[in-house]
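The block underneath contains the structure these notes are about, expressed in structure tokens.
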Amino acid sequence: MNAQLAHDIRGVLIGVTGGRLLLPNALIAEVITFSEPAPVADAPAWLLGRSRWHGWQLPIISFSRMAGWADAESELGAKVAVIKATGGHAGMPYFAVLTQGFPRLVTVSPAALQESGVQRKRAPGVHANVLFNDDDAVVPDLPEIEQKLANALASAPKN
């Protein structure tokens, strides 16, 4: 990973049940308080539902459930990180991830970021396991997450 990072970038560490996600700060549109979303019929367990946000029906996911890290998550005091979609799926410019607490702004430098070296089966939605300042983190596979989300929403019964 170091060879790909030529200079410092602003990043965000997002705490989720069972781990932390590391994303570029530019992809985070907003962090809001979690409120119970409207369910999506026949959705996988990781798709928590949809909530209204700035005129959008924002799908909210549990990354921990998608990756197989947790069967359930505490929603008490949880936040939602609204993420700008990168895959260009029509009608889905944003999606949200359930977080445990506020995401933390960080500076990601080449010296601070390394591949973890831990050999394990790649979990769904995970691009890479990394060490950031000697702590474990995960770089999510946003195109994969967005495709899974688009598939789940397309197969949901229409209201």
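Per-residue HN-Hα couplings for segment 39-54, Karplus 6.51 cos²θ - 1.76 cosθ + 1.60 at θ = phi - 60°, whole Hz, x for Gly and Pro?
x, 10, 4, 6, 7, x, 4, 6, 8, 6, x, 10, 10, 6, 8, 6
Non-local amide H neighbours of Val12 (under 5 Å, H modeled in plane, Pro and chain starts lacking H): which ones?
Long-range HN contacts for Val12: Leu23, Asn25, Val106.
Run the numbers for Val31 and Ile9: contour at 0.36 nm per residue of separation, minus the present Cα-Cα distance, in nm. It would help to have the intermediate numbers written out before the result.
Working: separation 22, 0.36 × 22 = 7.92 nm, distance 1.96 nm.
Stretched fully, the Val31-Ile9 segment lengthens by 6.0 nm.
Output the 0 to 90 degree angle, nearest 10, between the alpha-carbon long axis of helix 142-155 and the longest principal axis computed from the alpha carbons of the chain.
Roughly 10 degrees between the two axes.
Please work out whether segment 10-95 counts as rounded, prolate or oblate from its C-alpha gyration tensor, where a ≥ b ≥ c are the square roots of the eigenvalues and a/c under 1.5 means rounded, while otherwise a/b larger than b/c means prolate and anything else oblate?
rounded
Karplus couplings for segment 75-85 from phi (6.51 cos²θ - 1.76 cosθ + 1.60, θ = phi - 60°), rounded to Hz, Gly and Pro as x?
3J(HN,Hα) across segment 75-85, in whole Hz: 9, 5, x, 6, 10, 10, 8, 7, 10, 6, 5.
Taking amide H atoms as placed 1.01 Å from N in the peptide plane, list the residues 5 or more away in sequence, or in a different chain, whose amide H sits under 5 Å from that of Ile61.
Under 5 Å from the amide H of Ile61 lie the amide H atoms of Leu48, Ala96, Val97, Leu98, each far enough along the sequence or on another chain.
Going highest first, how would you order 35-48, 53-66 by mean Cβ packing within 10 Å?
Details: 35-48: 15.4, 53-66: 19.7.
Top of the packing list down: 53-66, 35-48.
Please list the non-local residues whose amide H lies under 5 Å from the amide H of Trp53, H modeled 1.01 Å from N, same-chain partners needing a gap of 5 or more.
Here Leu58 satisfy the definition.
Just so you know, all these numbers are worked out from the coordinates, no wet-lab data involved. Keep in mind that what you see is a predicted model, and the values were worked out from it rather than measured. Every residue, glycine among them, receives a Cβ derived from its backbone with ideal geometry; neighbour counts consider all protein chains shown.
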